[in-house]
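A short worksheet on the structure shown next.
The values are calculated or read from the model by the stated rules, or taken from the named source; none is laboratory data. Keep in mind that this is a model prediction, so the values were computed, not measured. Glycine also receives a Cβ, built like all others from the backbone with ideal geometry; neighbour counts cover every protein chain displayed.
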2 protein chains.
Amino acid sequence: MELKGQNFVGGGLSCEGGKVFHALNPATSQQLEPTFHEATESEIDRALELSVQAFREARERKLSTAPLLYALADEIEILGSELIDRAVAETGLPEARFVGERARTVAQIRMFAELVEEGSWVEARIDTSMPDRHPLPKPDLRQMLIPVGPVVIFGASNFPLAFSVPGGDTASALAAGNPVVVKAHPAHPGTSELVAIALTRAVTRSNLPAGFFSMLHGASYEVGISMVRHPKVEAVGFTGSLAGGRALFDEAAARDRPIPVYAEMGSINPVFILPSALKERAADLAQSLHQSITLGVGQFCTNPGLLVGLKGEGLDELLESLGKLTSDFPCATMLHAGIRESYLAGVQRLAGREGVRVLSHSVSEPDPSRTEVQAAILMTDADTFVSNEELSHEVFGPSTLVVTCESVEELEQVADSLEGHLTATVQGDPEDLTKHLKLITILENRVGRLIFNGVPTGVEVCPSMHHGGPYPATLDARYTSVGTNAIKRFARPACYQDFPDKALPTELRNRNEKNIWRLIDGEFSRESVVAD
Amino acid sequence: MELKGQNFVGGGLSCEGGKVFHALNPATSQQLEPTFHEATESEIDRALELSVQAFREARERKLSTAPLLYALADEIEILGSELIDRAVAETGLPEARFVGERARTVAQIRMFAELVEEGSWVEARIDTSMPDRHPLPKPDLRQMLIPVGPVVIFGASNFPLAFSVPGGDTASALAAGNPVVVKAHPAHPGTSELVAIALTRAVTRSNLPAGFFSMLHGASYEVGISMVRHPKVEAVGFTGSLAGGRALFDEAAARDRPIPVYAEMGSINPVFILPSALKERAADLAQSLHQSITLGVGQFCTNPGLLVGLKGEGLDELLESLGKLTSDFPCATMLHAGIRESYLAGVQRLAGREGVRVLSHSVSEPDPSRTEVQAAILMTDADTFVSNEELSHEVFGPSTLVVTCESVEELEQVADSLEGHLTATVQGDPEDLTKHLKLITILENRVGRLIFNGVPTGVEVCPSMHHGGPYPATLDARYTSVGTNAIKRFARPACYQDFPDKALPTELRNRNEKNIWRLIDGEFSRESVVAD
C-alpha cells in the first residue's frame, strides 16, 4: 500500500497545511517516506464538527459500535506483514514484538466488542416506583451509562499498536459509543496511517457515520493543544510523559468548560525485596528482574525503576547476579533520539548525585547512529534516597536504582517518601504480607496495583486489572487504561424518571431483552421487571 | 447547649485566630450569638495532619465507618428541637422544613451505613489465575474500591443539614472510609456547631481516631482556598454557586498534585411543555409548576428556572393560571441578604433585556428587613432566548423564565442552545417521547436526569438517582451527589496480583465471608471462589 502522509478527516483525506515531517528509522537514522502533513486548525475543526454530527446521528439511530470493533480487529489483521514491517522500521523494535503487540491489540478490540454486545457494562440500575408511599410517593428511577461525545486520543510512542491509534484508549472510547479523533504520534506516522486505513474501512463496513473516526498528524506541540482546546471535545486520553500529560491537563482545566484528561504518565514501579525472598532464590530473582528491567529496552510504563532491599548476604548475592546480567546486556536501540537523550540525561543525573554510584552497566559501546543505549544499575542508601526527591523521578529506559536499607523502618521510610505510581511489588514469603502490614498499607495508598512475587511488566488485559495510580502516575487514579473497566472513562450516568417503558433505552425496560446484569431495587439480577 | 463559636480540630476545640463573625437571622436581621472564630492556617494544617494520621490508623486496623454513621444519625436525633430552632433562626425557613430535612439527613446517613455493612459497594472483581495458559500464564488478579484519604467538604447554604456538615457529601466520604474536614457555611455556623458536637460524639462512640472529623469556620474566602490547597487533601465536595465551585476547581487543578473537586453548581432545570400536556391538565400543571418554582423560596438546585412551550391556547391557559398563582404568592424570606441581592439583580437583569417582559409577580410588598422577595414569572420568545446566552444563566430563587416557541424546531433550537443542567423535564403524553426523539436526544446529552410528567424538585435518595450533569451543572458529570452512587466519588480501585488468600482484604478472599456481590471471572455472584 502506498502511504499518502495525509490527515484522515471523517472518512476523507486532507492535507491543507504546509508543515511537514518525516519518520526516522532509529536503528539506521535514515529518513522514511512519505512526507507527513501536520493538521491545520481548520482540519482539526472539521474533524471535531464531523464527530459531533456523527455522534448525534448514532445516538438518534441507537447504533451499536460492536460491529465497528469486530471489523476493526479483522481489518488490522488483513494489513498483514506490511503493518509489522512499518512498525519495525519506525521503532527499531523486533518483529516478534509487533506480532505479539498486534495479537494483544486485536484481542483488546474484540474484548471491548464482546463487552458491548454482552451489554452489562452500562451498569443499569432500576428502582421501581412506590405510588402509595407516605408522605410522598416514590417515582420510578432508572439509570445507565451513556457515551459522552467526541473523544480525543493521543497515540503513545512506546506501543505503536496497543496504546496508539487502535489501542485500548481508542477501543474503549469507541466501545462506549463515542466518535474518536486520534492525534497520531509523530514517531510512527506510517504505522498510524496503515491503522487509520483499517479504521476507516471498519467504519464504512459497520455503517456508522464517517465522522466517527478521524486521525490527525502533528510533530509540533500546537496540534495536540488545539485539539484539547476545541469546544466540542468531551474527554481526552493520553499515554506519555508527565510533562506532556500535565500540559494537556492544564489546557483542559483552563477551558471555559473543563473536560477530563485521562493521562497515564510516569511511574518507577518500586520493588520491595524482603530477606525471605533472597534466601533460596536470589539468582532467580536477579534473572526475572533483569528481564523486566530490559524488556522492550525498558520502554514500558511498568518498568521497575526502583529496587528496595534490606542489606545482607542475600541482597549482595542478588546484586552480584543482576550486575553481571546487566554488564552482559548488549546495547539496544531506543524508540527515537529524543527518548535516548532523556535516558542518557536521566542516568547521568542520578549517577551525578552524591551518595549514588553505578553498580553496573552494559560493557558494549552504544552506537548513536543506531540510537543505542546501555542498560545500567545504580545504587544508593535509604538516607540519600529519602532526602533527594529527584531520585524518585522516572528515568524511561533500561536502568534501575537500588536502594539498600539498614532496617524495616528504613524500608517504610522509602515507601512513605514515594509519590503515586502504577504498581508496587513485594518479593518475600506469604507471611511477610501480614508481618509487614505497615509497609503494605503505605504502598496500597501509593499505587494502583500491588504485586506479590512477580514483576510489574506484563499487564494482563481483564476485568480485574487496574492500570492507573495516584498522581503523578496518572491524572485520575479512579480510572484504568487497561482492562474492561477502561470503558468507564468515556461514559457518564443518565437517569430517567417515570419514563414510559417503551420510551426507555432497551437496557432499562422492564423486559430484560439483552439479558444483562442489572441492580433492581438493590439486588443484582438478570430478571425482567414485573410491571404493575 | 451553650454554643462556643470555636473550630473542631480532630476532637478538640480551638480558636487561635482573631477574625470573627456572627450569624444573622434573615427573618429579623438580628445578630445571633455567639461570636464565631475563623480557622487560622495552623488550625487548617492541624486538622489535616490529624486526618492523615487517623486515616493511616483506620486503614492499618481495618476499621469500618458503619458504626460511626449509625451513631451520627442517633446523635443528630438526640439534639432534638435545639437543632431545629437554631436552623430556623439562621435561615428563616419554617420548622416543618427542618423536621423534614432532618429526617432525610438521618435516613441518608443510615442508608450509607447499611451500604457499608452490606459491602457490595466496593465492586469486588476477581479473575482467577490460569497457570497453564500459553504463551504466558495468567496471574490471579483481584480488585476493589478503597478510600482515597482526607476529604474536604464545603457546607451548602440552602440545605443546612442534608447538604451541609452532616449531609450526603460528608456521609458518603465517611462511608467510603475517609476522614472528613468540613468547612462550615458561615450563614448557619450555630447549626453547624450543633451537628459537629453530634459528629464528635459519634467518632468517640465508634472508637475511631479523633482525627476522623474536623470542622472549621470561615466567613472569608481564604479559609476554603487554604483547605483546598493543603497538600494532604485528596478530594473536595462542594454545593453552591458556579463562581464558587469554579474557583475551588481552579485552585485544585493548579496544585502540584491536582485533586478532584465534586462541585454541584448552577442549573435552570428546563421544563419542555408539549401541546398534549396542555389539553386536559393546563390548570393542574400550573399548580404543580408553581409549587416547584416557589418551594423553599426557590432555593433548590433543582428549581425549574425555564419553561419552554409551544404557542397556543393550552399554553395561554397554563400561563394565565401560573400568573395568578404567582401574583397571589406572599413575599418570603430568603436565606441571607447576599442571596436576596443576587436574586433581585438576576430578575432585574432578565427583565431588562429587550424582548423579555414580566408576566407576573407577587403583589405584596417585600420587607427588606425580613430579607423578603417576590416570586416572578418572566416571558420571552425562542429567538430572543437563543441569541442571548445570558438568559440561560441561573437566577437562584422563586422566579422562572417562560420561552414561547412557534414550532417544534424552535423547541429543539432552545434545547440545543442549553449548557449542562442537572435535569430536564418533558410534559406530554407517552407518544411524545418517541415522536420527539430529536428533542429527547438533545436533552439526554445536556443533563443528568430526564423527568417525564413530573417536576424537577424532590430528589429521591436511592441507588438509581443521578444528581449531577454536564458542566456547568457540576464539575464532573460522571458522579452524583445524591444516592448510594455518591460514595464512588471518594474511592478508587486497588488491584492485588497473586496475593496469598489471607493477605487479601476480606472482600477479595476466596471465601465470600461478607456475602457480597462480586464479578468472578466475568459473572456476578455471591459464591465463594473454589481454590485450586
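So, in the stretch B:459-471, exactly how many residues are touching a residue at least 24 places away in the same chain (Cβ under 8 Å) and either more than 7 Å from chain A (Cβ to nearest Cβ) or of a type in the set (S, T, N, Q) (or both)? Steps first, answer last, please.
We begin by selecting, within the stretch B:459-471, every residue touching a residue at least 24 places away in the same chain (Cβ under 8 Å); these are B:459, B:461, B:467-471.
This time we only want the ones that are either more than 7 Å from chain A (Cβ to nearest Cβ) or of a type in the set (S, T, N, Q) (or both), so: B:459, B:461, B:467-470.
Qualifying residue count for the region: 6.
Looking only at the stretch A:147-159, count how many residues are within 12 Å of chain B (Cβ to nearest Cβ) and in a loop (DSSP other than H, G, I, E, B).
The initial filter retains those residues of the stretch A:147-159 that are within 12 Å of chain B (Cβ to nearest Cβ), namely A:147-150.
Restricting the remaining residues to those that are in a loop (DSSP other than H, G, I, E, B) gives A:148-150.
Counting residues in the stretch A:147-159 that are within 12 Å of chain B (Cβ to nearest Cβ) and in a loop (DSSP other than H, G, I, E, B) gives 3.
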Show me the strands (runs of 3 or more DSSP E) found entirely inside the stretch A:1-93 where at least 3 residues are within 30 Å of A:PRO368 (Cα to Cα) and not acidic (Asp, Glu). A:20-25, A:30-37
A:GLN108 meets each of (1) polar (S, T, N, Q); (2) part of a helix (DSSP H, G or I); (3) within 14 Å of another protein chain (Cβ to nearest Cβ) with one exception, condition (3)
Which condition number does B:ASP169 fail, the rest of (1) more than 22 Å from the chain's Cα centre (by Cα); (2) assigned to a helix (DSSP H, G or I) being met? (1)
For B:ALA486, work out the one condition from (1) within 15 Å of the chain's Cα centre (by Cα); (2) within 7 Å of chain A (Cβ to nearest Cβ) it doesn't fulfil. (2)
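Does B:SER369 satisfy the criteria of being touching a helix residue (DSSP H, G or I) at 6+ places or on another chain (Cβ under 6 Å) and either assigned to a helix (DSSP H, G or I) or of a type in the set (Ser, Thr, Tyr) (or both)? Give the derivation first.
Values: touching a helix residue (DSSP H, G or I) at 6+ places or on another chain (Cβ under 6 Å): no; either assigned to a helix (DSSP H, G or I) or of a type in the set (Ser, Thr, Tyr) (or both): yes.
Against the criterion (touching a helix residue (DSSP H, G or I) at 6+ places or on another chain (Cβ under 6 Å) and either assigned to a helix (DSSP H, G or I) or of a type in the set (Ser, Thr, Tyr) (or both)), B:SER369 does not qualify.
For the structure I just gave you, tell me whether A:GLU123 is within 12 Å of another protein chain (Cβ to nearest Cβ) and either among the small types (Gly, Ala, Ser) or in contact (Cβ under 8 Å) with a residue 40 or more places away in the chain (or both). It would help to see each step written out before you state the result.
On the way: within 12 Å of another protein chain (Cβ to nearest Cβ): yes; either among the small types (Gly, Ala, Ser) or in contact (Cβ under 8 Å) with a residue 40 or more places away in the chain (or both): yes.
Judged against the criteria, A:GLU123 is a match.
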Scan (1) surrounded by 22 or more Cβ atoms within 10 Å (Cβ to Cβ); (2) charged (D, E, K, R); (3) without any contact (Cβ under 8 Å) to a residue 40 or more places away in the chain for the single condition B:LYS183 breaks and write down its number. (3)
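What residue, among those in the stretch B:216-264 that are of a type in the set (Phe, Trp, Tyr) and closer than 24 Å to A:ARG478 by Cβ, is surrounded by the fewest Cβ atoms within 10 Å (Cβ to Cβ)? Write out each step before concluding.
Here is the first cut: in the stretch B:216-264, the ones of a type in the set (Phe, Trp, Tyr) are B:221, B:238, B:249, B:262.
Filter once more, keeping what is closer than 24 Å to A:ARG478 by Cβ: B:238, B:249, B:262.
Numbers: B:PHE238: 28, B:PHE249: 24, B:TYR262: 27.
Among those residues, the one meeting the criterion is B:PHE249.
Conditions (1) touching a residue at least 24 places away in the same chain (Cβ under 8 Å); (2) among the aromatic types (Phe, Trp, Tyr); (3) within 11 Å of another protein chain (Cβ to nearest Cβ); (4) within 13 Å of B:ILE153 (Cα to Cα), marked per residue:
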{"site": "B:GLY237", "(1), (2), (3), (4)": "yes, no, no, yes"}
{"site": "B:ALA252", "(1), (2), (3), (4)": "yes, no, yes, no"}
{"site": "B:ASP256", "(1), (2), (3), (4)": "yes, no, yes, no"}
{"site": "B:MET265", "(1), (2), (3), (4)": "yes, no, no, no"}
Please work out if B:ARG492 is without any contact (Cβ under 8 Å) to a residue 24 or more places away in the chain, within 22 Å of A:ALA486 (Cβ to Cβ) and either outside any loop (DSSP other than H, G, I, E, B) or touching a Lys or Arg at 6+ places or on another chain (Cβ under 6 Å) (or both). no
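Filter the stretch A:412-428 down to residues that are assigned to a loop (DSSP other than H, G, I, E, B) and more than 9 Å from chain B (Cβ to nearest Cβ) and give me whichever is surrounded by the most Cβ atoms within 10 Å (Cβ to Cβ). Steps first, please.
First pass over the stretch A:412-428, keeping only residues assigned to a loop (DSSP other than H, G, I, E, B): A:417-420, A:428.
Adding the requirement that they be more than 9 Å from chain B (Cβ to nearest Cβ) leaves A:417-418, A:428.
On the way: A:SER417: 18, A:LEU418: 22, A:GLY428: 18.
Result: A:LEU418.
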So B:ARG511 passes all but one of these: (1) closer than 30 Å to B:PHE396 by Cα; (2) part of a loop (DSSP other than H, G, I, E, B); (3) more than 8 Å from chain A (Cβ to nearest Cβ). Which condition number does it fail? (1)
Could you tell me whether the stretch B:336-343 includes any residue that is among the hydrophobic types (A, V, I, L, M, F, W, C), more than 14 Å from B:LEU401 (Cβ to Cβ) and in a helix (DSSP H, G or I)? yes
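Residues in the stretch A:316-331: is at least one assigned to a helix (DSSP H, G or I), of a type in the set (A, V, I, L, M, F, W, C), without any contact (Cβ under 8 Å) to a residue 40 or more places away in the chain and assigned by TED's automatic domain parsing to the domain that holds A:ILE440? Let's see the steps before the verdict.
Residues of the stretch A:316-331 assigned to a helix (DSSP H, G or I): A:316-328.
Okay, now just the ones that are also of a type in the set (A, V, I, L, M, F, W, C), so A:318-319, A:322, A:325.
Checking the rest, the ones that are also without any contact (Cβ under 8 Å) to a residue 40 or more places away in the chain come to A:325.
Retained after the next criterion (residues that are assigned by TED's automatic domain parsing to the domain that holds A:ILE440): A:325.
There is at least one residue in the stretch A:316-331 that is assigned to a helix (DSSP H, G or I), of a type in the set (A, V, I, L, M, F, W, C), without any contact (Cβ under 8 Å) to a residue 40 or more places away in the chain and assigned by TED's automatic domain parsing to the domain that holds A:ILE440.
Taking the criterion of being of a type in the set (S, T, N, Q) and in contact with an Asp or Glu (Cβ under 8 Å, 6 or more places away or on another chain), would at least one residue in the stretch B:223-246 satisfy it? Break it down stepwise before answering.
As a first pass, look at the stretch B:223-246 and keep what is of a type in the set (S, T, N, Q): B:226, B:239, B:241.
Narrowing the set further to residues that are in contact with an Asp or Glu (Cβ under 8 Å, 6 or more places away or on another chain) leaves B:226, B:239.
Yes, the stretch B:223-246 contains a residue that is of a type in the set (S, T, N, Q) and in contact with an Asp or Glu (Cβ under 8 Å, 6 or more places away or on another chain).
Applying the selection to the stretch B:389-411, what residues are of a type in the set (A, V, I, L, M) and buried (at least 20 other Cβ atoms within 10 Å of the Cβ)?
Within the stretch B:389-411, the first condition is being of a type in the set (A, V, I, L, M), and the residues that meet it are B:391, B:395, B:401-403, B:408, B:411.
B:LEU391, B:VAL395, B:LEU401, B:VAL402, B:VAL403, B:LEU411 - these are the residues of the stretch B:389-411 that are of a type in the set (A, V, I, L, M) and buried (at least 20 other Cβ atoms within 10 Å of the Cβ).
Given B:ALA54, B:ALA39, which one is more than 30 Å from B:THR506 (Cβ to Cβ) and buried (at least 19 other Cβ atoms within 10 Å of the Cβ)? If you could, list the steps in order and put the result at the bottom.
Details: B:ALA54 fails: more than 30 Å from B:THR506 (Cβ to Cβ).
Answer to the check: B:ALA39.
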Would you confirm, using the coordinates I've provided, whether B:THR400 is in the same structural domain as B:ALA332 (by TED's automatic domain parsing) and either within 26 Å of the chain's Cα centre (by Cα) or of a type in the set (Phe, Trp, Tyr) (or both)? yes
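A quick yes/no check of all residues on (1) touching a Phe, Trp or Tyr at 6+ places or on another chain (Cβ under 8 Å); (2) surrounded by 24 or more Cβ atoms within 10 Å (Cβ to Cβ); (3) of a type in the set (S, T, N, Q); (4) touching a residue at least 60 places away in the same chain (Cβ under 8 Å):
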residue	(1), (2), (3), (4)
A:VAL148	yes, yes, no, yes
A:ALA162	no, yes, no, yes
A:VAL165	no, yes, no, no
A:ALA175	yes, yes, no, yes
A:HIS188	no, yes, no, yes
A:ASN207	no, no, yes, yes
A:ALA210	no, no, no, yes
A:SER214	yes, yes, yes, yes
For residues that are surrounded by fewer than 22 Cβ atoms within 10 Å (Cβ to Cβ), touching a residue at least 12 places away in the same chain (Cβ under 8 Å) and more than 7 Å from chain A (Cβ to nearest Cβ), tally how many sit in the stretch B:433-444. 1
Counted residues in the stretch B:333-343 being within 19 Å of B:GLY305 (Cβ to Cβ) and either hydroxyl-bearing (Ser, Thr, Tyr) or more than 24 Å from the chain's Cα centre (by Cα) (or both) come to 2
Among residues of the stretch B:126-146, those that are free of Cβ contacts under 8 Å to residues at least 24 places away in the same chain, assigned to a loop (DSSP other than H, G, I, E, B) and among the charged types (D, E, K, R), counted: 2
Within the stretch B:227-284, the residues that are under 22 Å from A:PRO258 (Cβ atoms) and among the aromatic types (Phe, Trp, Tyr) are B:PHE238, B:PHE249, B:TYR262
Among the residues of the stretch A:445-458 satisfying the criterion of being in a loop (DSSP other than H, G, I, E, B) and modelled with pLDDT of 95 or more, which is surrounded by the most Cβ atoms within 10 Å (Cβ to Cβ)? A:PRO456
